[in-house]
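Take a look at the structure set out below.
Each reported figure results from applying straightforward, stated rules to the coordinates on display, with no laboratory input. In this text the structure is predicted, and so the values were computed from the model without any measurement. Cβ atoms come from the backbone with ideal geometry, glycine included; neighbour counts cover every protein chain shown.
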């Protein structure tokens, strides 16, 4: 940590800063640079993070030299994390395809979709039972009953499942019924919920918040990791943009950025990102070529009758074609050379 | 609701749409416009909201003609809502000033700040006990102990209190200890929490989400109102912007927009919006002149030692000056004419 | 066009609207829908665009039913435009690779880079001579001298060229020296410049503005097309985002959106979008898989010595690998099925 | 400037950096901080700006210690700039009100509006003759004829004028006919135009770009200042936001930020920012209370017939009320104390 002193810093100001540094158990050296005096601080600088040094008289600015997310960083762990979701490995070089309806609606439609997803060659089944909806008057999901249906179709098809949890009071029940707990974009900063899924030790799919920087997203992952749960997969699903042409603004460059910063795997959700069935295959292929560890795609046998997000669900035939394209692409791009 | 048919709509396509409309108990009339055929639908169109008509074959687009937030809208209630917070009226023409620390840190500092806030002439005392923090390693608040300290200082100073609740499991305890429950920006779309504070019937201060449109914000308010709790106050605190010059991007035009659309009162939080103590007074005065129902400002007797958001807390003397300015401004601007 | 009348619309209000519609030579029919009265207007509705009907007493809203960009729209022209740039075809199914330095710096370095780009297998050579720079103290390009160097290296390597024009007074000279005129992101709404390049009849590469919606971008293209110049290629290069992790926020979903709306070809510039050499290959591959008509990539033999944008230029070896990857990917993805 | 060396920096890497620093005529000192080695560089560091040190092997990052805009900065000039526009002083403590139509449409309407603006008590008359319009099919202004009408009404009313220039070829003619040249939001980064108005020595009103940070805006001002033209006034007019509730997102906190960083005056344009006549007075009052040096407001005697931006123009009576409110507010807020 570098503390840049102001040009009008008094001896008293400086003494106060130095005392705080030493009280935190850190060591320091005075430096001269660019006509300014700096204090270079070493040691347990995280203890100083709560001391608002930059607000103190005599301090011009404070420059951090290390990442704030420790457990999630590549510096902490160089080899990629591989998360085991009911036997399916996410991360580490493979390409995982998750398919399924936005929401679990009823047994028959879920079974039909589940079988279609399985037969298309996907790896995991998605389906929401607790649905966060912008309007209180929209369909909010079947809750526990929905999870039980998901469990049943999972057993019939052999596909492990992903489903969203929105309330810390539901985590325990969800853990018993789904293979991977999804934290949705609206709850990325619901820290009480993150702590609860962290404690559960269950695989977690952490979607990026609508206005979250990648650093904030990794800090949200850090909440889960810090509870001793290393089974975290990230999922880029678009951020808030200014152009109504798409539902959200898919930030695909998050894939290489995340790859450079963390060992955690990353999926891409082109369905929520674009919000238009016509744009989903293009963005799914792009995600694969960008180097993502997989995609999560909405599939519905009767999109026109879907209870939520109907505009973005692929028909089974389109999904089957897409899976085929992606398997081919993954083969080609996985062998692409890293930049020299 | 207007259903615009596509140019290639077949008789079968059209029959399917008409059947859905009639099944929902709505009536319809065919129209010709701009070379296209439209169906004008009347009646309980909200029943059609879950039917993804725009995805159906033969449908070009669907145009809604009414607001999605019903209880919050000015059409539903013309006269302004006035929320009673421990005897202090928010909304209806007055100007309410909330002051206090970002977080409750300890008894002595809270008492000192509370007394300063009271003596400056503020109306309500703020102080966080459950703090959502971006990093899991930051100070996250004193929890229940913090709320008890807040209750105590409230009784000593006579100032009713506002404090954030982040977990549905804490709502009941918070209701007993604070006069107004704050829903923070990160939890604006935590719908389980909104339902819980809705059920409590307690006054709610609903901050705008970092990437929320004003419509989404009013729909979040609708979640609380739909539980039978009419005591909702909105709070603009800045949205995510692209310029690091300020912590967030204060959207002051939300004040007249909200005023035009809803009967709910609106406060402005210039402290979290700007993140810099030097910009707070300017934006607080602007909020008053814009017609807000009040401001919420961070105050600390020793900002340099504050455990969170130290850069944005005013000293008691600066806060006292600001309160004086605001009382004068409120007098001048409250008598300003509405636009002719 | 649909004109929705307000519930308090008087006969006089309505008469005024009707008169304006008829004065514009349009026809109209009254409709009843959702308890409201609407006027469906047909004919030359563009003549009404300048009449601010929605502001008139008695009018609730005005709904447009057709695109504002006519020449650029797919409805106007179904088959894809193919732009011939010095013999290289852009659009229509192929995949074009543009490489070169950010700025033309001197003859030797440009020749070295040009030869490397040629030998890597690229199709076009880029190089800026008029550089818009955020700071007036930065290197702003060699101007006409730079263009002459570019012409020379183009003749030596056989690669046609792309170079930016920033001032309407330079268009004529540029036309004589480069094969395709680039309009940069900062000048997308410099309409005097667009008109001038439109008049030139020369191929134009139109970059998306930093805060431009896709509709605004297509309207900028319409400025060029409306001058009788059909040789327009679009280039997505990232929009302004809130996350400092990348220089801009690459909106790759613009590729399928543009494809759906217009017949014009689209390139992607991953260098300016990400601003980091490490992220360029990943995003170039993603652009190819997304279905773009090509990419434009910065290449430099000595990035560390480049006079601008040094952090984002690939070394020749990395560029050679990338070209090879892209040619393979293009083969695979060009045969991918369209969505069923 | 601080150069932070990477942990794997070799002696050769370091030597290369040191050589570049010395070649630029700067001096340096080695420092140890946070377990890293840094080089603190003093002297003419701007000469190093074009050397991409951060891309060099062995360099982790480069930290600048001074502002990039020199002439615009408060450090360069402490006392506020006052710009004389035809005898009206902008900046330095007064509050200037600019009113007028979006576009000059014809002599009669301009005269009527000009007289109304004068009689309401405004200081300057605005009116566009060169209109940048998103669509090539919209009314683009009367050009030189419009400027002559503006000059005529200016002489009749005694109000000095502001009008936009969009093309470097028009600057000379504009200088002869208007008192202040406006650079619109779309041309903030049209550097050839900035250089031209800089050379003219005429007062310039520089609007903020739709996606410009405040730093980029001040660098655009620096382009004008660097030509030896100190007569620059800034104008905040909203940035691109994600909420369609307002036309743009007015960033009023730019007022205190700009005040802290530069000596240049700043106006606010609530008309283009909000795009709705109903929100303009509220935001104009907020701008005054925030400490702006003035506002620029669109006024039209027959908004319903205006050829552009009709939805945001105030009627003369509303403008008269607003001017009265603002004069009162300015008196109150100009005496408000600065933050202690």
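At-a-glance table
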| item | result |
| --- | --- |
| Peptides ranked, highest mean first, by Cβ atoms within 10 Å: ranges B:108-118, A:289-299 | A:289-299, B:108-118 |
| Sum of -39500 (n - 2.57) over DSSP H runs of 4+, divided by residues of chain A (222 nm, nearest 500) | -10000 deg cm²/dmol |
| Among beta bridges that DSSP assigns inside chain D, antiparallel share in %, nearest 5 | 40 percent |
| Ordering of B:311-323, C:149-161 by burial proxy (mean other Cβ atoms within 10 Å per residue, highest first) | B:311-323, C:149-161 |
| DSSP-defined beta bridges in the protein assembly as shown - what % are antiparallel, rounded to 5 | 40 percent |
| For region C:83-336, the spread of Cα positions along each principal axis, largest first, Å | 44, 40, 39 |
| Teacher prompt: residue D:54 distances to equivalent labels in other copies, 7 Å Cα→Cβ, nm | 1.6, 4.0, 4.1 |
| Relative contact order, percent, region C:83-336 [alpha-carbon distance under 8 Å, six or more residues apart] | 20 percent |
| Shielding by other protein chains, B:215-226, mean Cβ within 10 Å | 3 |
| Length-normalised contact order of region A:169-254 in % [C-alpha pairs under 8 Å, at least 6 apart] | 26 percent |
| Inter-probe distance in nm under a simple model that places probes 7 Å from Cα toward Cβ, at residue C:50 and residue D:327 | 3.6 nm |
| Cα gyration tensor shape for region D:17-140, rounded if a/c is under 1.5, else prolate or oblate | prolate |
| Overall form of region A:83-149 per C-alpha gyration tensor (a/c, 1.5; a/b vs b/c) | prolate |
| Share of pairwise Cα separations in region C:135-222, more than 18 Å, in percent | 46 percent |
| Nm distances between copies for residue B:317, ranked from closest, using label points 7 Å along Cα→Cβ | 5.0, 6.4, 7.8 |
| Cα gyration tensor, the protein assembly as shown - rounded (a/c under 1.5), prolate or oblate | rounded |
| Region C:133-183: Cα Rg divided by the 2.2 N^0.38 Å rule of thumb | 1.19 |
| Chain C, rotation onto D, residue closest to that axis via Cβ, with its distance in Å | C:211, 2 |
| Overall dimensions of region B:204-340 as given by Cα atoms, namely Rg and Dmax in Å | 15.4, 50 |
| Shielding by other protein chains, D:252-265, mean Cβ within 10 Å | 5 |
| Three principal axis lengths of region B:184-269 [C-alpha, angstrom, descending] | 40, 26, 18 |
| Label point 7 Å beyond Cα along the C-beta direction, distances from residue D:278 to other copies (nm, shortest first) | 3.4, 3.8, 5.0 |
| Cα-derived Rg over Rh, computed across region B:2-63 with Rh taken as Kirkwood radius | 0.92 |
| Antiparallel content of DSSP bridges confined to region A:2-63, in %, to 5 | 100 percent |
| Cβ neighbours within 10 Å from other chains - mean over A:178-190 | 3 |
| Distance from region D:188-239 to region D:75-105 (C-alpha centre basis), Å | 14 Å |
| Mean separation of Cα contacts under 8 Å, 6 or more apart, over the residue count of region D:2-63: relative contact order % | 49 percent |
| Highest average packing first - D:170-177, C:11-18, Cβ atoms within 10 Å | D:170-177, C:11-18 |
